[in-house]
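To start, the structure itself, in structure tokens.
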Amino acid sequence: MTSARPVPTATDWLRVNLTIGTLSFGSASRIVLYEDAVVRDRGWLSAAEFDEVLTVAQLLPGPNLVNLSAYLGYRLVGVAGALLGIVCLCLPGAVLAVALSGLLAVDRPWVQAPLRGMAVSGIVLLLMFLWRRLPGLGSTADPAVLASTRVRVARGVLLAAVATAVLAGASLFAVLAVAIPVALVVEFTA
Amino acid sequence: MKLLALFWIFFRIGLVSFGGVFSVLPELQRALVDGGLVTPEGFIQAFVLGQVVPGPNMAMCTVIGWHAAGPAGAVVAFLGIYSGPVAMMGVAYAVYHRWRDVTWVRRLELAMRPVVLGLLGASAASLMWTAAGTHHVLALVVAVAVGVLAAKTRLGALSLLFVGAATWSLGQLVL
């Protein structure tokens, strides 16, 4: 069923991480940069597989961005490649931060302006990315079957409720303590 | 042994750093500032730098390591803060990956999708508020420009980030 899909070498994967580690100014952009690199530009994973990786990476402990890179790397090129990928992702920013700490010009307007521009752009791209993920709420364990309308509506309401609660200032742990059981009830009573 | 103490601080804080540096900021401050490894000003500066540079915002830990104990301190901080979470997620992924074809594991992942999307949506919205600062009009202009380009052209995310940076810089000069 699956046609021949390009498989990355370890070098390909390290190059992707090095690029994102060097150029991903603005935290919101990073998920979208990985999607571009892995799904859109190179076709290493399908959009549905990326959905799955993202959900798992967001739920497990650790810094989100490192999680995403780690699990993508693990699936694409194995354990050693994933570890080296994490180093390639984290090292440029760490080196740059140390280098800049000698100068500390980050509060100047001409440094702040492009950074703000990148931050806002990254957020817009992230929101559009999330919008494109919405059809994934209709998925079931059998890829050929769509979830019932009741399940899709329930998932949509849950998404909106989680977002609203967090924006209204509820603590993350409180939101998760309510949302996770509700999500499980929705899924396993369907 | 200063390096060992430094490694231990970052390692144990790294273990509970769910979601990035924000969740452990108070703990870092207590261990590092109260422990006399960095001044309060140095801590704030490192935090700002960590937000500005590309990659995970944990980069601030490397800066603090550097200032506390030189290059060796930077290496120790880098390894300390990342090794715990990486080891934990390695185990978690291996377990998930082993079982991911089992139907109920697959359904767990599907069940969590709305929660994850809701959290990401909320963090995007609140980040937007912070990023825009007092420049509401400029933020709106850049957001619309990037949104339209993303929808109507084949420009990738990386190019669009630089378009956004250029637009904002120009706008700030003009307005």
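Rule-based calculations on the coordinates, nothing more; no lab input. For clarity, every value in this text was computed on a predicted model and none was experimentally measured. Cβ coordinates were reconstructed from backbone atoms using ideal geometry, including for glycine residues, and neighbour counts include every protein chain displayed.
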(message) Ignoring everything except DSSP H segments at least 4 long, calculate the 222 nm mean residue ellipticity for the protein assembly as shown; use -39,500 (n - 2.57) per segment, divide by total residues, nearest 500.
(response) -25500 deg cm²/dmol
(message) Using a 10 Å cut-off around each Cβ of peptide B:25-34, what is the average number of partner chain Cβ atoms that fall inside?
(response) 0
(request) Quick one: divide the alpha-carbon radius of gyration of segment B:68-161 by 2.2 N^0.38 Å and tell me what you get. (result) 1.65
(message) Tell me the angle of helix A:64-101 to the major Cα principal axis of chain A, expressed in degrees between 0 and 90 and rounded to the nearest ten.
(response) 40 degrees
(request) Using only Cα atoms, tell me the angle between helix A:109-133 and the longest principal axis of chain A; keep it within 0 to 90° and round to the nearest 10. (result) 20 degrees
(message) Connecting C-alpha atoms closer than 10 Å in a GNM of chain B, tell me which of B:W104, B:W66, B:W129 has the biggest fluctuation.
(response) B:W129
(request) Find the eigenvalues of the gyration tensor of the Cα atoms of the protein assembly as shown, then list the square roots of 5 times those eigenvalues as equivalent ellipsoid semi-axes, largest first, in whole angstrom. (result) 32, 25, 21
(request) Can you tell me the relative contact order of segment A:13-83? Whole percent, Cα pairs under 8 Å, sequence separation 6 or more. (result) 26 percent
(request) Just report the Cα centroid separation between segment B:87-127 and segment A:120-190, whole Å. (result) 12 Å
(request) Could you tell me what fraction of 2.2 N^0.38 Å the Cα radius of gyration of segment A:1-133 comes to, as a two-decimal ratio? (result) 1.12
